[in-house]
Amino acid sequence: MKSPIRRLVLDVLKPIKGLSIVEIGREVASLEGIEGVNVTVKEIDVDTMTLVVTVEGKNIDYEKLEERLESLGCVIHSIDQVVAGSKIVEEAKVRPE
């Protein structure tokens, strides 16, 4: 059995016209296995918005999350963080050189 995905941080592009980030957040949060969602506007262009979408839960189904975002008119540019396993492990702080 694969370890569950607990957190995903996604770089997402959405058209300016269409659903608001409030509606996107609610739609994503309604997926099974997701306990919380944070949608933050990173950049606004003439036609698009770049969003950082952070999703946490006990067992996130990435494929269903991707399908839902695409059905809302969004495109995932990159997966910037994945946390998997029985607990959430935060990124370790490293001293500057």
Contour minus end-to-end for ARG26 and GLN81, with contour as 0.36 nm per residue of separation and end-to-end as the Cα-Cα distance? 17.7 nm
Stretchable slack from ASP61 to ARG95, in nm (0.36 nm times residue separation minus alpha-carbon distance): 8.8 nm
Rounded to a whole number of µm²/s, how large is the Stokes-Einstein D of the chain at 10 °C and 1.306 mPa s, given Rh as the Kirkwood radius over C-alpha pairs? 113
Using Cα atoms only, what is the angle between the long axis of helix 62-71 and the major principal axis of the chain, expressed in degrees (0 to 90) to the nearest 10? 10
Low-density loop trypsin sites (Lys or Arg not before Pro), the stretch 59-97, at most 16 other Cβ within 10 Å, DSSP non-H/G/I/E/B, are LYS87, LYS93
Low-density loop trypsin sites (Lys or Arg not before Pro), the stretch 1-61, at most 14 other Cβ within 10 Å, DSSP non-H/G/I/E/B, are LYS2, LYS17, LYS58
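Values quoted throughout were computed directly from the atomic coordinates according to the rules given, and no laboratory measurement underlies them. Because the structure is a prediction, the values reported are computed rather than measured. Ideal geometry is used to build each Cβ from the backbone, glycine not excepted, and the neighbour counts take in all protein chains shown.
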